[in-house]
Amino acid sequence: EGTATIIDGKMTAAAIRKEIATELAELKAKTSKVPGLAVVLVGNRKDSETYVRSKKKSCAEVGIESFGTELSDQATEEEILKVVADYNANPAVNGILVQLPLPKGINEQRVLDAISLEKDVDGFSPENIGQLAMRGRTPRFVPCTPKGCIELLERYNVPIAGKNAVVVGRSNIVGLPAALLLQNRDATVTIVHSRTKDAQKICADADIVIAALGKAEFMTGDWIKPGAAVIDVGINAVDDKTSPKGYKLVGDVNYKEASAKANWITPVPGGVGPMTICMLLKNTLEGFKQQNGL
Ligand code: NDP
């Protein structure tokens, strides 16, 4: 039987939202202003609509004003760029987020590059990632999902410095920035990807594993070192006839097997997921402070 501490992302995110709400109220009393977040949604993907809805709801909960623009999947690149430009120019908007993926035919990179660096609360700009990678530099914003992973490790007092950390996945939005953040905290970091030889062996030597490969329950118990900390970023829908929806969400890690070996583990759902939106709120608050010299 597993004795792993379950890292509760839902509870942690709720605690952080409270901290954000408190700080925001103080700043509001001082400045008579509140932070604003603009979310741009193009097309009608159900998952994107759900994410955007819950981002707006979370903003309301902590007192961030949310701005939203929804464009049809027929929108042109120029129309999207115009929306971004308007938010760039709007002083009530401190953060701008374009929900990905954008419809086919739209140059995603061009749209993201149009977001002003001061308002890039997703932290995806090359400038920002460069600052994250370089010693002695401070990025304006740390990408939300990896930031949430580190926040969970820190709030659960998982030692990072000097530890072997393995990040499975090297995407721009999760794997790469997660690896940089761990390295910044003095872990010895290995990045594993689809071309890695002996990925399982490498992971089995890790004190900290961040799994972000996008394959349902791919990492079985033999990938996990006894006593490790396991942060499972994956969100995968798998068929489940017993659920009314007909599916359930699972991570990239086989939770049952891994929790029997790990010392700390995040569940899916209820682990990294709730932290991501929470870090978006935090980044928006940070943007507000930066832009108002607070
Ligand atoms: P990507 O598909 O962009 O990246 C997946 C990465 O995993 C790639 O680097 C790929 O390697 C690597 N990979 C794929 N298969 C293997 C394998 N068999 N062994 C080792 N590495 C492998 O995904 P994302 O980074 O965007 O997302 C990863 C997961 O996290 C998804 O399940 C996604 O749904 C979830 N997610 C969750 C969020 C949250 O809030 N909790 C937010 C964002 C994502 P290569 O580079 O060689 O192709």
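How high is the relative contact order of the chain? Use alpha-carbon pairs under 8 Å, at least six apart in sequence, and give a whole percent. RCO, the chain: 22 percent. Computed FRET efficiency, Cβ-Cβ of GLN109 and ARG135, R0 30 Å: what is it to the nearest 0.05? Using R0 = 30 Å, I get an efficiency of 0.65. Helix 144-155 and the longest principal axis of the Cα set of the chain meet at an angle near 50°. Rounded to the nearest 20 debye, the dipole magnitude of the chain is 300 debye, with +1 charges on Lys and Arg beta carbons, -1 on Asp and Glu beta carbons, and the Cα centre as origin. Rounded to the nearest 500, the helix-only mean residue ellipticity at 222 nm of the chain stands at -12500 deg cm²/dmol, with each DSSP H run of n ≥ 4 adding -39,500 (n - 2.57). When the chain is described by a simple charge dipole with +1 on each Lys and Arg Cβ and -1 on each Asp and Glu Cβ, the residue from PRO91, CYS149, PHE124 located farthest towards its positive end is CYS149.
Each Lys and Arg contributes +1 and each Asp and Glu -1, all at the Cβ; summed about the Cα centre of segment 148-294, the dipole is approximately 140 debye.
Which whole-number percent is the relative contact order of segment 32-118 (Cα, under 8 Å, 6+ apart)? Contact order relative to length: 40 percent. Compute a Gaussian network model of the chain, connecting alpha carbons closer than 10 Å, and tell me which residue from VAL39, VAL253, VAL83 fluctuates the most. The residue with the greatest mean-square fluctuation here is VAL83.
Average projection, convex hull of the Cα set of segment 143-272: 7.7 square nanometres. Distance from the alpha carbon centroid of segment 45-65 to that of segment 66-118 works out to 16 angstrom. Under a Gaussian network description of the chain, with springs only between Cα atoms under 10 Å, the residue in THR188, THR31, THR138 that fluctuates furthest is THR31. Equivalent ellipsoid of segment 1-140: semi-axes from √(5λ) of the C-alpha gyration tensor, largest first, are 27, 21, 19 Å.
Given Cβ point charges of +1 (Lys, Arg) and -1 (Asp, Glu) and nothing else, what value in debye, to the nearest 20, does the dipole of segment 120-208 about its Cα centre take? List each step's numbers first, then the result.
Details: 11 positive and 9 negative charges, 35 e Å.
About 160 debye.
Note that segment 1-78 carries a Kirkwood radius of 15.1 Å, evaluated over its alpha carbons pair by pair.
Here segment 143-272 carries DSSP beta bridges of which approximately 20% are antiparallel, counting only pairs with both residues inside. Extension gain for SER48-ALA25 works out to 5.3 nm (0.36 nm per residue, less the C-alpha to C-alpha distance). Mean silhouette area of the chain, derived from the convex hull of its C-alpha atoms and averaged over all directions, reads 16.1 nm². The residue among ILE115, ALA206, GLY273 whose Cα reaches farthest toward the positive pole of the charge dipole of the chain, with charges on the beta-carbon of Lys, Arg, Asp and Glu, is ALA206. Taking R0 as 51 Å, what's the FRET efficiency between GLU154 and GLU79 from their Cβ-Cβ distance, rounded to 0.05? The computed FRET efficiency comes out at 0.80. Using a 10 angstrom cutoff on alpha carbons, build the Gaussian network for the chain and name the most mobile of LEU182, LEU71, LEU97. Maximum among the listed residues: LEU71. Using only Cα atoms, locate the centre of segment 242-294 and the centre of segment 205-241, then give the distance between them in Å, rounded to an integer. A separation of 13 Å, based on Cα centres.
Coordinate-derived values only; no laboratory data. Computed from a predicted structure; not experimentally measured. Glycine gets a Cβ as well: all are built from the backbone with ideal geometry, and neighbour counts include every protein chain shown.
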